[in-house]
Amino acid sequence: MTNEVEEIKNKVAESGLVSIDLKDFYTSGTRVVIDMKDHLFEGLILKEKDFRLFVKNEDWSKYKNNLVTITSTADAIIPTWAYMLLSSELQPYAKKVVCGTPETLETILFHETVTEKLNPEQYKDKRVMIKGCGDIEIPASAFVEAVNLLKPYVKSIMYGEACSNVPIYKSSRDTAGLK
């Protein structure tokens, strides 16, 4: 009877798999929604004179360094100039101003940070795992952006976790693969 212990192999480490967690591209900061419905007369129309008075009297400095989205949850036609006017007032204070839903804001923020900070050349000829689960909700568009940036450089792209992944792309030059 031998007392040999079989060596445990870390197949993930041996595979050369590199993990990317898109939560690392999250833009920190306070998110604020300005809803145009709050400035409609009887919830139906935007009166220019009243709206301009609100804009003149508002303390825009309270939005300093915030990530602001201007939206309308009312079923009303909001003139484009109203969004422009709010943006003009917010611009000196807010870190970012967009027009759309909170989801639009996140999409834009992730697009900016992924395209700015993800250097695809550092993943040249690597097998890449883009992590799928986490505590921050990441828009699908961020995953699409990452694939678009990485695909020309990498051997393969997978989604999920090393123990449970979905193959997304495999280069014809990647003959070793994962087993």
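Residues in segment 101-155 that are within 16 Å of Ile168 (Cα to Cα), within 15 Å of the chain's Cα centre (by Cα), among the aliphatic types (A, V, I, L, M) and not in a helix (DSSP H, G or I): Ile130 alone.
Do we find a residue being of a type in the set (S, T, N, Q) and on the phi > 0 side of the Ramachandran plot anywhere in segment 58-69?
Yes, because at least one residue in segment 58-69 is of a type in the set (S, T, N, Q) and on the phi > 0 side of the Ramachandran plot.
Residue count for segment 156-179 satisfying the condition of being modelled with pLDDT of 95 or more and either among the aliphatic types (A, V, I, L, M) or in a loop (DSSP other than H, G, I, E, B) (or both): 2.
Among the residues of segment 74-91 satisfying the criterion of being of a type in the set (A, V, I, L, M, F, W, C) and farther than 16 Å from Ile45 by Cα, which is most open to solvent (accessible area, probe 1.4 Å)?
If we take residues in segment 74-91 being of a type in the set (A, V, I, L, M, F, W, C) and farther than 16 Å from Ile45 by Cα, then Met84 is most open to solvent (accessible area, probe 1.4 Å).
Scanning segment 41-91 for residues that are closer than 21 Å to Thr113 by Cα and either of a type in the set (Asp, Glu) or without any contact (Cβ under 8 Å) to a residue 40 or more places away in the chain (or both) returns Lys64, Asn65, Asn66, Val68, Thr69, Ile70, Gln91.
Looking across segment 92-140, the residues that are within 30 Å of Ala74 (Cβ to Cβ), open to solvent by less than 50 Å² (accessible area, probe 1.4 Å) and small (Gly, Ala, Ser) come down to Ala94, Gly100.
The set of residues in segment 52-73 being more than 13 Å from Val32 (Cβ to Cβ), surrounded by 13 or more Cβ atoms within 10 Å (Cβ to Cβ) and in contact with a strand residue (DSSP E or B) (Cβ under 8 Å, 6 or more places away or on another chain) consists of Ser72 alone. Restricted to segment 1-98, the set of helices (runs of 4 or more DSSP H) holding at least 3 residues that are at pLDDT 95 or above and of a type outside the set (D, E, K, R) comprises 48-57, 80-90.
The values are calculated or read from the model by the stated rules, or taken from the named source; none is laboratory data. Nothing here was measured: the structure is a model prediction, and the numbers come from that model. Positions of Cβ are backbone-derived with ideal geometry, glycine not excepted, and every protein chain shown enters the neighbour counts. Areas reflect the complete protein model, heavy atoms only, side chains present, ligands, DNA and RNA absent. Shrake-Rupley method; radii C 1.70, N 1.55, O 1.52, S 1.80 Å.
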